[in-house]
Each structure stands twice: as structure tokens, then as C-alpha cells.
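A quick write-up on the structure given underneath.
The values are calculated or read from the model by the stated rules, or taken from the named source; none is laboratory data. Predicted model only: the values in this text are computed from it and were never measured. Note: ideal-geometry Cβ built from the backbone for every residue, glycine included; neighbour counts use all protein chains shown. Each accessible area value is taken on the protein alone, full model and side chains, heavy atoms only, with ligands, DNA and RNA left out. Shrake-Rupley method; radii C 1.70, N 1.55, O 1.52, S 1.80 Å.
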Amino acid sequence: MNKQAPSLGRILIAVGFTLSCFGLILFLWVAFGGPIPLKAESYRITAYFPEATQLAVESDVRIGGVSVGKVKAVDLAPIDMRVNGKDTTEAEIEIDAEFAPIATDSQAILRQKTLLGETFVELTSGTSEATDEDSLAAAPVSLGTAAASSSDAESKQIEALPEGGTLGIGQTTEAGQIDELFNALDAETRNSFQEWMANSAVAIDGRAQDLNDALGNLGPFASDASDVLATLRQQRVELKGLVRDTGTVFEALTADEEALAGAILGSNETFEAIASEQQALADTFAILPTFQRESRVTLRRLDEFQQDTQPLVNQLIPVARDLSPTLASIRKLAPNLRSLFPDLDRLRVVSQRGSPALSSTIRGLDPVLKALDPFLANLTPLLSFLEYQKKTFADFFTGPSAALAGSLPRLNGQPARRAFLRQTGYNSPEAASVLRERLDTNRGNAYLQPGALTGRFAVKSGIFESWDCVNTDFENPLDGMGDPDEDPVSLGERPPPDVNNGRKPGITFAPCVIGGDFPSEFGGERNPQVFQDP
């Protein structure tokens with residue numbers, strides 16, 4: 001045994017270890033909510049709660065979610081503080097100095113942090129002395145240094161609760177419990193709720209991931225559903241009509257049950273007929289990709305069409321609304337249509353023999369249609385050019401009838417009126433002689449554009465368009481002096497000196513303008529070109 005006295009160093013080490021243990025224990029005590037020993041007490045008040053069975057000492061006191069103090073004592077309240085003959089709980093609340101004091105009209109409510117029932121006290125602002133709603137909502141709950149958002153004027157309007165003050169029963173509220181909610185229901189409703197919960201457990205058993213996915217998509221679904229409901233609200237009149245007409249349809253279906261049964265039997269026979277034509281059905285699916293490709297092209301064109309027709313549809317909406325009375329009148333024809341549908345049964349019986357024959361005929365037309373493809377590939381461009389020249393084409397057919405319509409009065413002894421043929425003769429020095437050089441009044445007018453004779457271009461220019469204007473200053477190329485320039489002469493402009501002696505176009509000399517090119521569909525040049533379809 002060592003009986004030697006401890007040295008100074010060992011004593012200091014022991015003292016340091018003891019102090020460190022005390023400091024660690026004090027830190028853990030404060031960290032877990034314990035009060036600091038010998039610390040001066042902060043601002044304290046007393047509050048009375050009607051129901052506080054789960055409120056414990058050192059429970060949090062919060063303002064707006066921020067912890068501002070602790071519950072220091074919980075005890076049974078005096079008899080005079082009972083509510084409806086029931087005991088209340090007296091709680092001593094300590095609030096940190098930076099949040100103290102609080103307003104006299106503050107209110108307190110017990111809330112729970114977790115599902116396990118850990119309770120804390122939440123302080124909220126009262127009514128204050130302000131009168132307008134905005135000031136009431138913005139009144140601060142505390143007057144401490146932490147209430148930096150409160151102005152001096154707002155702080156003066158609030159009366160502070162003194163040290164040791166009390167929040168009475170009228171200023172505290174008990175939190176609603178789930179058992180109180182169920183106790184408010186009658187026995188039948190509680191039993192139904194229990195059955196619903198039991199069935200829900202069976203429904204979601206083993207489908208936890210599906211339930212999580214459904215909850216995750218609930219937000220986008222609600223947003224999209226809001227858009228759909230907004231659209232339905234805008235079209236609520238049409239929606240009401242749809243629901244009303246749907247009821248009419250079902251009423252008509254149930255009015256004649258025998259006809260409905262016949263329709264179902266007819267559908268069965270239709271499916272049996274489809275099953276008997278398995279090869280034809282297989283051929284249909286074989287050509288389905290081609291149909292889809294053609295459908296894409298058609299849908300693109302329909303999309304362009306709908307963009308062009310959207311203004312028209314907007315203008316037709318008032319007309320459609322005015323059409324509703326007409327449609328209501330058409331509904332009166334429903335009895336006659338009902339009598340028509342039974343007569344269609346005979347047509348259905350005949351079509352059972354006629355449809356296969358028609359199918360054979362269509363299959364037999366396949367070689368004919370393939371042979372027509374080269375012919376149609378050459379015919380379609382011609383029809384397109386005729387459509388481009390439709391006005392000239394129509395004038396060509398109406399010309400003979402106008403030319404043969406001339407007639408003279410009937411003379412005595414003649415069996416019918418006398419008819420004559422209208423003709424126009426063109427006489428000029430050019431027609432009565434042989435010229436060595438082409439006159440500048442002689443124009444080349446091949447390949448006229450549609451409406452070239454009476455269109456806007458002809459009216460603006462004073463004459464219809466020409467193929468070229470070479471003849472206006474023509475020189476014989478045999479002399480080696482040919483002029484390749486066209487030198488057009490416009491209305492109101494003075495031509496070169498060698499054209500019409502430099503005089504502007506007039507009665508004896510018309511202007512000369514050059515026509516434009518044909519569309520790219522027909523070559524895009526001065527002369528039209530028609531190409532075979534691919």
C-alpha cells in the first residue's frame with residue numbers, strides 16, 4: 001500500500017477531471033431541456049387549460065413555430081377555475097427575456113408535436129386595440145427585443161401582461177382529439193367507418209408502391225382535373241344538354257326492350273360473320289400500316305385546315321346556339337325514325353348475301369385499278385392545269401352557244417326564225433399587205449395567264465400582257481443588226497427614240513408589257529409545263 005501523500009499535479013488532475021465531468025453532465029442536462037442551476041428566473045405567467053393530461057414540465061412554448069420558453073410547473077387548478085364542473089390544469093410558463101412580455105389579449109392552445117402525443121403550448125396574438133382587420137392580423141404577440149417587425153405605433157397599442165400575470169380560461173383553448181371526432185358520430189356511422197377502414201386495408205394490401213405512386217401523381221392529376229373542370233364550367237350549358245340527352249337515349253333504349261335484345265343478337269351475328277372472314281380480317285391488318293401512313297398525311301392536312309377554319313368556327317358559334325331550337329324540332333321526328341329501324345332488318349338480311357358479293361367485286365377491281373394508275377398519273381396533271389385555267393375553260397364552252405344565239409325576225413312564209421353567225425373581221429395594213437419586217441404593233445400573246453385579258457394587271461397596264469416586246473424596235477437579224485433586247489413600253493412612260501418615234505403610247509400604239517411566270521407547279525417559267533405524277 002502506497003501511503004505517500006498525493007502530489008500537487010495529481011490533485012490538479014483529479015480536480016480537472018471532476019470539473020469536466022460536472023461540465024459534461026451540465027451540458028447534457030441543458031441540452032435535454034433542464035434548467036440551468038442558480039440561473040435567474042425569466043418572465044413567467046400562469047395559464048389555465050381545460051384539458052392538459054399530456055402536458056409535462058419542460059414542455060416547449062412556441063410563437064409562430066419558434067421556441068420562446070418552457071413549461072416550468074403543472075398542477076391542479078383551484079376549484080374556482082373549474083369549467084362546467086370539471087377540473088382544469090394550472091401551468092406555469094416561463095418565456096425567454098427576448099420575447100417577453102406578451103400582450104394581455106394573447107391566447108394559448110395545446111398542440112401535439114408527434115403522433116405519440118408530445119404536447120407543447122402555442123401562443124398566438126389576440127385582438128389588440130386595433131379596429132381594422134389588417135391591423136388585427138398583424139398585431140405582434142410579444143413586445144420583447146425579438147419583435148423587430150413591430151413598429152413603435154403598433155407596440156404602443158398593445159398592453160403588456162405583467163410578470164406573474166394570468167391567461168384565464170377564456171384565453172386558452174384545448175386541442176381537438178381524434179377520439180372526440182369519432183365520439184361525435186353515431187353508432188351506425190362508426191360501424192360503417194370501421195367496415196370502410198377494414199375493406200381499405202384489404203384493398204391496399206401488397207400494393208404499397210402503387211399507393212405511393214398514386215399519391216405522387218395526385219398533384220399533377222389535381223392540376224389537370226382543375227383545367228378539365230374549368231373547361232366543363234365554360235361549357236356547362238352544353239354539358240347539361242349532354243346529360244339530358246343521355247337520359248333520353250337510355251329512356252329510349254329501355255322503352256323497347258325487345259328491340260334492344262334484337263340489337264344485341266344482331267351484334268352477335270355480326271361478330272360471327274367477322275370470325276368467318278378471318279383471312280379478310282388478316283388482310284385488313286396487313287394493309288393497316290399503309291393506312292396509318294396515309295392517315296398521318298391526312299391528319300397533317302386536317303391540322304392545317306383546322307387552323308385556317310378556326311376563325312370561321314368562332315363565327316359559327318352564335319349560329320350553332322341559334323340552331324338549338326331547330327334541333328329541338330328535329331327531335332319530333334324520333335317516333336318516325338323508331339319505326340324506320342325495324343324495317344332495316346330486311347336490309348340486314350339481304351346484306352348478308354350482298355356484302356360477300358361486293359367484297360369479291362372489290363377484290364376483282366384490284367387489277368383494274370392498278371392498270372388505271374399510269375393513266376390517272378397523266379390525267380391528274382391535265383385536270384390540275386384545267387382547274388388553274390378554269391375561267392378560260394368555262395369561256396371556251398360558253399363561246400359557241402353565244403356565237404350561235406344570233407337570230408333575225410321571222411318573215412312571212414318562213415317556217416322558223418332566221419339565224420346568223422356572229423363573226424369579227426380584223427382589217428389593217430398588216431392584213432392587206434406583205435411586210436418585210438414585223439410591225440411594232442404585232443405582239444406575241446402565247447401562253448396567257450388566267451384572267452390576262454380582263455384582270456387587274458391588264459387594267460393597270462392599259463393592255464393585256466404579251467410574250468415579249470422584241471417587235472417594238474425590231475431589226476431584221478438577216479442584216480446582222482438584230483436587237484435581242486425586249487425594251488418593254490409601259491403606260492405613261494416615254495419609249496426609246498426608235499420606238500413609235502419616241503412618243504408615248506396612245507390610240508395608234510398600245511403599251512407593251514411582259515407577262516409573269518407560271519406557278520412552280522407548272523414549271524415556274526413563261527411557258528406552262530405539265531409533269532406526270534410520280
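In table form, for the structure just shown:
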| read-out | value |
| --- | --- |
| Members of region 452-469 that are open to solvent by less than 30 Å² (accessible area, probe 1.4 Å) and part of a loop (DSSP other than H, G, I, E, B) | A452, G455, E465, C469 |
| Which numbered condition G206 fails, given (1) exposed (fewer than 10 other Cβ atoms within 10 Å of the Cβ); (2) in a helix (DSSP H, G or I) | (2) |
| Selected residue (criterion: farthest from P342 (Cα to Cα)) from residues of region 237-271 that are exposed (fewer than 10 other Cβ atoms within 10 Å of the Cβ) and of a type in the set (D, E) | E251 |
| Number of the condition not met by Y447 [criteria: (1) closer than 30 Å to P519 by Cα; (2) surrounded by fewer than 16 Cβ atoms within 10 Å (Cβ to Cβ); (3) in contact with a Leu (Cβ under 8 Å, 6 or more places away or on another chain); (4) at pLDDT 80 or above] | (3) |
| When residues of region 265-324 are limited to those that are of a type in the set (G, A, S) and under 24 Å from P356 (Cα atoms), the one farthest from the chain's Cα centre (by Cα) | S276 |
| One residue from S276, S295 being of a type outside the set (D, E, K, R), surrounded by 10 or more Cβ atoms within 10 Å (Cβ to Cβ) and at pLDDT 80 or above | S295 |
| Positions within region 501-534 being over 18 Å from G444 (Cα atoms), modelled with pLDDT under 85 and not in a loop (DSSP other than H, G, I, E, B), in sequence order | N501, G502 |
| Close pairs from region 197-218: first without any contact (Cβ under 8 Å) to a residue 24 or more places away in the chain, partner open to solvent by 60 Å² or more (accessible area, probe 1.4 Å) and of a type in the set (V, I, T), Cβ under 7 Å, at least 6 apart | L211/I204 |
| Any chance L344 is open to solvent by 80 Å² or more (accessible area, probe 1.4 Å), assigned to a helix (DSSP H, G or I), modelled with pLDDT under 80 and not small (G, A, S) | no |
| Residue check for L369: open to solvent by 80 Å² or more (accessible area, probe 1.4 Å) and under 46 Å from the mean Cα position of the chain (by Cα) | yes |
| Residues (open to solvent by 90 Å² or more (accessible area, probe 1.4 Å), within 30 Å of D533 (Cβ to Cβ) and of a type outside the set (K, R)) located in region 385-439 | E387, F396, F397 |
| Verdict on T166 being at pLDDT below 80, of a type in the set (S, T, N, Q) and open to solvent by 50 Å² or more (accessible area, probe 1.4 Å) | no |
| Test: residue in region 326-341 that is over 23 Å from L239 (Cβ atoms), surrounded by 10 or more Cβ atoms within 10 Å (Cβ to Cβ) and in contact with an Asp or Glu (Cβ under 8 Å, 6 or more places away or on another chain) | yes |
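Residue-wise test of (1) basic (K, R); (2) in contact (Cβ under 8 Å) with a residue 24 or more places away in the chain.
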site	(1), (2)
K391	yes, yes
P409	no, no
S428	no, no
L439	no, yes
G444	no, yes
